[in-house]
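A.B. asks: I'd like to ask you about the structure that follows.
The values are calculated or read from the model by the stated rules, or taken from the named source; none is laboratory data. Keep in mind that what you see is a predicted model, and the values were worked out from it rather than measured. All Cβ positions, even for glycine, are placed from backbone atoms using ideal geometry, and neighbour counts span all protein chains on display. Surface areas here come from the heavy atoms of the whole protein model, side chains and all, with no ligands, DNA or RNA. Shrake-Rupley method; radii C 1.70, N 1.55, O 1.52, S 1.80 Å.
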Amino acid sequence: MIKAKKSLGQNFLIDKDILKKITNTVNIKNKIILEIGPGTGNLTSYLLEKSPKQFFVIEKDNQLAINLRDKFHDQLTVINEDVLKIDETNLFKNKVIVFGNLPYNISTEILSKWIINLKDNFWFECLLLMFQKEVADRIIAKFNTSNYGRLSIISNWKLNIEKICDIKPEAFKPKPKIDSSLLLFYPKKNYVKISDPNNLEKITRIFFNQRRKMLKKPFNQLFNGNQKILDKLKIDLNLRPQNLTLDTYYQLACEYEDLRS
Ligand code: SAM
């Protein structure tokens with residue numbers, strides 16, 4: 001009997017319909033799979049039935065990693081590590097499909113790490129990831145809405161994002177207090193080239209530091225009131241950070257880099 005560890009965000013998915021839905025969302029036959037936090041291997045079993053070519057899992061919990069090796073033998077390569085410490089870009093020679101019912105306490109950290117470290121040759125074909133619904137809502141939020149912010153801007157930079165479904169707490173054991181959502185991420189073919197993604201992080205951090213205030217203060221802090229940039233990007237400083245589109249933020253990051261080059 002496995003006792004779930006709260007510190008590792010262990011809520012195991014037990015609803016067979018949801019497990020099937022996740023498995024059937026992407027065609028994985030003959031593909032290379034990476035599952036983050038496979039836990040007791042519930043989703044893993046369903047995915048294996050679809051005949052992937054190779055299957056890697058990253059599980060931090062030592063005991064669960066031992067159990068997974070015992071249960072699945074050579075069907076899986078079990079990496080008993082913290083996903084935040086792994087450099088996926090160097091781990092795989094070919095593109096992988098990533099699945100993850102992510103530990104909620106570090107889900108945004110995992111996603112941000114992947115996006116910030118993304119080189120132009122993406123290491124994954126797509127990501128199918130579960131988040132707490134409140135976080136998923138922020139990831140897919142459109143501009144002019146209250147959920148729109150740093151996470152939406154950073155997540156949508158290089159990735160197209162589609163919501164697959166919401167999932168009720170009853171689908172898990174132990175039952176979490178919150179609803180979850182399943183999101184599918186695909187690399188974009190075209191995206192604004194920002195040389196250093198940390199500049200996008202910096203700009204969004206400063207703009208959204210006071211999300212209810214007008215744009216004037218953060219703009220002046222970053223761009224010293226540069227009128228040319230305001231005219232070029234058609235920015236009205238009386239607006240609020242949530243009123244600027246995704247593209248305006250990507251362009252602002254480029255302008256910021258130009259000013260420093
Ligand atoms: N995928 C399983 C399922 O759906 O039943 C379990 C999901 S549970 C929400 C999160 C899993 O991620 C747990 O197995 C936990 O041990 C693992 N985990 C937590 N933090 C981790 C980390 N930093 N690196 C890798 N795995 C982690």
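A.B. asks: If you go through the range 180-198, how many residues are among the basic types (Lys, Arg) and closer than 12 Å to TYR250 by Cβ?
C.D. replies: Final tally of qualifying residues: 2.
A.B. asks: Restricting to the range 62-91, what's the tally of residues that are open to solvent by 60 Å² or more (accessible area, probe 1.4 Å) and either under 22 Å from LEU183 (Cβ atoms) or assigned to a strand (DSSP E or B) (or both)?
C.D. replies: Initial filter on the range 62-91 (open to solvent by 60 Å² or more (accessible area, probe 1.4 Å)): 62-63, 66, 69-71, 73-75, 77, 81, 85, 87, 90-91.
Checking which are either under 22 Å from LEU183 (Cβ atoms) or assigned to a strand (DSSP E or B) (or both) leaves us with 77.
The number of residues fulfilling the criteria is 1.
A.B. asks: Criterion first (under 18 Å from LEU184 (Cα atoms), within 9 Å of the ligand (Cβ to nearest atom) and part of a helix (DSSP H, G or I)) does LEU19 satisfy it? Working first, answer last.
C.D. replies: Working: under 18 Å from LEU184 (Cα atoms): yes; within 9 Å of the ligand (Cβ to nearest atom): yes; part of a helix (DSSP H, G or I): yes.
Taking the combined requirement at face value, the residue satisfies it.
A.B. asks: Restricting attention to the range 119-138, which residues are among the hydrophobic types (A, V, I, L, M, F, W, C) and over 18 Å from PRO176 (Cβ atoms)?
C.D. replies: Those that are among the hydrophobic types (A, V, I, L, M, F, W, C) and over 18 Å from PRO176 (Cβ atoms): PHE122, TRP123, PHE124, CYS126, LEU127, LEU128.
A.B. asks: Can you tell me which residues in the range 97-110 are outside any helix (DSSP H, G or I) and touching a helix residue (DSSP H, G or I) at 6+ places or on another chain (Cβ under 8 Å)? Please lay out each step first, then the result.
C.D. replies: Of the residues in the range 97-110, the ones outside any helix (DSSP H, G or I) are 97-103.
Residues satisfying the conditions are PHE99, GLY100, ASN101, LEU102, PRO103.
Residue by residue, here is whether (1) more than 9 Å from the ligand (Cβ to nearest atom); (2) of a type in the set (Val, Ile, Thr) holds:
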{"position": "LYS85", "(1), (2)": "no, no"}
{"position": "PHE92", "(1), (2)": "yes, no"}
{"position": "GLY100", "(1), (2)": "no, no"}
{"position": "THR108", "(1), (2)": "yes, yes"}
{"position": "LYS113", "(1), (2)": "yes, no"}
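A.B. asks: Within the range 103-137, which residues are more than 12 Å from LYS163 (Cα to Cα) and of a type in the set (D, E, K, R)?
C.D. replies: GLU109, LYS113, LYS119, ASP120, GLU125, GLU134
A.B. asks: Can you tell me which residue is nearest to the chain's Cα centre (by Cα) among those in the range 30-56 that are near the ligand (Cβ under 9 Å from one of its atoms) and either among the charged types (D, E, K, R) or under 19 Å from LYS85 (Cα atoms) (or both)?
C.D. replies: For the range 30-56, the residue satisfying everything is ILE36.
A.B. asks: Here is a further query. Considering only residues that are closer than 30 Å to GLU257 by Cα and under 17 Å from the mean Cα position of the chain (by Cα), which ones fall in the range 163-190?
C.D. replies: Result: PHE185, TYR186, PRO187, LYS188.
A.B. asks: Return only the number of the condition from (1) of a type outside the set (Ser, Thr, Tyr); (2) under 19 Å from the mean Cα position of the chain (by Cα); (3) surrounded by 15 or more Cβ atoms within 10 Å (Cβ to Cβ) that ASP196 does not satisfy.
C.D. replies: Here ASP196 clears every test but (3).
A.B. asks: Would it be correct to say that ASP137 is of a type outside the set (Lys, Arg) and exposed (fewer than 14 other Cβ atoms within 10 Å of the Cβ)? Give the steps one after another, and end with the answer.
C.D. replies: Values: of a type outside the set (Lys, Arg): yes; exposed (fewer than 14 other Cβ atoms within 10 Å of the Cβ): no.
The answer is no for ASP137.
A.B. asks: Checking PRO187 against (1) open to solvent by 30 Å² or more (accessible area, probe 1.4 Å); (2) under 28 Å from CYS165 (Cα atoms); (3) out of contact with any helix residue (DSSP H, G or I) (no Cβ under 7 Å at 6 or more places or on another chain), which single condition isn't satisfied?
C.D. replies: Answer for PRO187: the failing condition is (3).
A.B. asks: Given (1) open to solvent by 30 Å² or more (accessible area, probe 1.4 Å); (2) closer than 30 Å to TYR250 by Cα; (3) in contact with a Ser or Thr (Cβ under 9 Å, 6 or more places away or on another chain), where does ASN94 come up short, assuming only one miss?
C.D. replies: (3)
A.B. asks: I've got another one for you. Where the second residue is away from the ligand (no atom under 15 Å from the Cβ) and part of a helix (DSSP H, G or I) and the first is closer than 29 Å to SER51 by Cα and lies in the range 94-121, which pairs have Cβ atoms under 6 Å and are six or more apart or on separate chains?
C.D. replies: ILE115/ILE154; LEU118/LYS158
A.B. asks: So, one more: Take the conditions surrounded by fewer than 13 Cβ atoms within 10 Å (Cβ to Cβ) and under 19 Å from the mean Cα position of the chain (by Cα) and apply them to LYS158. Does it pass?
C.D. replies: Working: surrounded by fewer than 13 Cβ atoms within 10 Å (Cβ to Cβ): no; under 19 Å from the mean Cα position of the chain (by Cα): yes.
For LYS158, the condition - surrounded by fewer than 13 Cβ atoms within 10 Å (Cβ to Cβ) and under 19 Å from the mean Cα position of the chain (by Cα) - is not met.
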